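The values are calculated or read from the model by the stated rules, or taken from the named source; none is laboratory data. Since this is a predicted model, take the numbers as computed values, not measurements. Positions of Cβ are backbone-derived with ideal geometry, glycine not excepted, and every protein chain shown enters the neighbour counts.
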């Protein structure tokens, strides 16, 4: 494990290691095929939700960011139609894990999966209208065609979605069931 990996793993996030370990075991013991890929995708999805560092709870409460539109909607007392989602689609993380697995001769280390999940897991709260914008641009499960491979926010940039720090927990009391 390199120095950067040691730093990345210095904080224990409940469930992250365990979910990544399942993905690692599946790939290293059973190989990559459509059946195992389904389970790897599920474990990476679960692991990525742990990156927020708060066990349990609602993804909207755990999210790192929210859109400016979602925040405004909540300020106005309307909490309906808000969606918690991955800024970088889980399918991108799965592809990164699978690509590394193949480049290394069909082997992968647990720390490598953890590094990928931690690097690319960002959760956000957006409105249903913003979700429709992402889908209309065919970016629900992928990044834009001109993606540079680095900008984690490229889908949101392409859809014109501005992110701000997540205030969901604070603003939920404004909603009064609306």
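Structure data summary
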item	result
Failed condition for residue 169, given (1) over 17 Å from residue 68 (Cβ atoms); (2) surrounded by 15 or more Cβ atoms within 10 Å (Cβ to Cβ); (3) touching a residue at least 60 places away in the same chain (Cβ under 8 Å)	(2)
Subset of the range 1-54 that is farther than 26 Å from residue 84 by Cα and part of a loop (DSSP other than H, G, I, E, B) - its residue that is modelled with the lowest pLDDT	1
Elements of type helices (runs of 4 or more DSSP H) in the range 58-112, at least 3 residues being at pLDDT below 95	59-62
All positions within the range 149-166 that are in a loop (DSSP other than H, G, I, E, B) and within 18 Å of the chain's Cα centre (by Cα)	149, 150, 151, 152, 153, 161, 162, 166
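Residues are listed down the side, and each one gets a yes or a no for (1) closer than 16 Å to residue 168 by Cα; (2) free of Cβ contacts under 8 Å to residues at least 60 places away in the same chain; (3) touching a strand residue (DSSP E or B) at 6+ places or on another chain (Cβ under 7 Å):
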residue: 34; (1), (2), (3): no, yes, no
residue: 62; (1), (2), (3): yes, no, yes
residue: 70; (1), (2), (3): yes, no, yes
residue: 78; (1), (2), (3): yes, no, no
residue: 83; (1), (2), (3): yes, yes, yes
residue: 103; (1), (2), (3): no, yes, no
residue: 110; (1), (2), (3): no, no, no
residue: 118; (1), (2), (3): no, no, no
